[in-house]
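Notes to accompany the following structure.
The values are calculated or read from the model by the stated rules, or taken from the named source; none is laboratory data. In this text, all values refer to a predicted model and were calculated from it rather than measured experimentally. Here the Cβ positions follow ideal geometry from the backbone for every residue, glycine too, while neighbour counts run over all protein chains shown.
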């Protein structure tokens, strides 16, 4: 198999060497929404008509990161890499001008996107290392970039315990939000007794408002996730995997299907993976957009064909999961980290980040921020650097008011705490969570009561209704927030809201209800005066202090 990989790599390198230039057009969902597919077609047509098709390679690639400037087009020069150029807001009408400039060794100045900026220079890419570089629909390009070498190494040179030890050594924690040690979870599943078989599930049910990390990875580098799942299957003794992805991601689903078929033909999935006795199959299961199915047991129920509702834990999926068998569940970003860890070693990965939060984290920057897009940064980076340097700050000269991390399960962090390091423990101390990686910036025009109301409405709507605290509690909390926002509430309503936050958090069945009060608690903690100003008797309660229920 290694010889086959070498042959593919040599062939790809030889093919690329025939071209003097390369044009990479982003064909991820964000740029496609701005007709980057037509930009790609126009480039192909222009190069053919101008006789440059033999000297310039044009192809679609994954997300180039700076989504707010799309469609993005990267032009590279083999002989003069220092003249490589990234173009922004490219339209089909711009392509003749870019092709002419390419032939003349010049640039189209008004379309140039500066890459010597913190947005590009401050990132450390592991999960996103191939995004924007390879065609996500060609397994050959993934192999030529080092793809499936980690899987080959694992199944031919390492025992399952060796693989798990490497993941443990890396310090990788689950990137789905909880931050549970990945190696510990793998160890638990590996040791569990299975009556029939074990399973691997990739949780790609990304439902947080403003989050698009998993979607971008699946669209830009699907083989990376498949390779991570196969390595996990080998490590825990599973021969079957499922990717649970929401149906609202049609492009990700289409590229995953193509990637799975390509991997089977190459022999890195299916029977006899990489010429060994290890077998591993992967299937896709589509979700119908239920936010609660991001919870492990609800996801398992949905895969089994049942209504997506959580069940009490323990037993945990690691012991009693899919069809009652031991099941390993990690999210897209977690699996995307696995192959690099096996290729480069756990110590390499552990050298990045902080003492308890190793490696890097992918974030989706959204909201009132100049550089909307996808970034990957080392754990421990200050929030301020993400927002003001990488993110380019708040538009229109407005002041920053808060940063929300963790989606509906997270909290709102005020500007005064932006020097906090981004790691699991630090964010929890502020009353928020890391979450899957959504990061929404709010400026001075945001009303924090309205923000809390918005997220509570989301949680209320997405509650599966199985347990009373979540089904009824979120509704009552929403109505109280709506009452406060519209200036119809009193101090008694505010006290009741805080009591409900505590009750819902402590008695709900699953993580949806348990974390639903977080946006309310965090806004009460840092922006309490905004609540008091809206109360009918607010002038008499300005001295009220935060109750214990409002503390994170």
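The table below gives the values:
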| item | result |
| --- | --- |
| Failed criterion for residue 418 (all others in (1) outside the structural domain of residue 477 (by TED's automatic domain parsing); (2) touching a residue at least 40 places away in the same chain (Cβ under 8 Å) hold) | (2) |
| Hits in the range 394-411 - residues which are touching a strand residue (DSSP E or B) at 6+ places or on another chain (Cβ under 7 Å) and part of a helix (DSSP H, G or I) | 407 |
| Candidate set from the range 308-322 (those that are part of a loop (DSSP other than H, G, I, E, B) and within 25 Å of the chain's Cα centre (by Cα)); member that is nearest to residue 236 (Cα to Cα) | 318 |
| Test: residue in the range 201-214 that is within 14 Å of the chain's Cα centre (by Cα), touching a residue at least 60 places away in the same chain (Cβ under 8 Å) and assigned to a helix (DSSP H, G or I) | yes |
| Single residue of the range 179-200 satisfying the filter (in contact with a helix residue (DSSP H, G or I) (Cβ under 8 Å, 6 or more places away or on another chain), outside any strand (DSSP E or B) and without any contact (Cβ under 8 Å) to a residue 24 or more places away in the chain) that is surrounded by the fewest Cβ atoms within 10 Å (Cβ to Cβ) | 184 |
| Residue check, residue 377 part of a helix (DSSP H, G or I) and either touching a strand residue (DSSP E or B) at 6+ places or on another chain (Cβ under 8 Å) or at pLDDT below 95 (or both) | no |
| Residue that is nearest to residue 458 (Cα to Cα) [pool: residues in the range 414-429 that are touching a strand residue (DSSP E or B) at 6+ places or on another chain (Cβ under 8 Å) and surrounded by fewer than 21 Cβ atoms within 10 Å (Cβ to Cβ)] | 414 |
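Here is a yes/no grid of residues against (1) closer than 26 Å to residue 143 by Cβ; (2) buried (at least 24 other Cβ atoms within 10 Å of the Cβ); (3) within 24 Å of the chain's Cα centre (by Cα):
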site	(1), (2), (3)
324	no, no, no
335	yes, yes, yes
352	yes, no, yes
356	no, no, yes
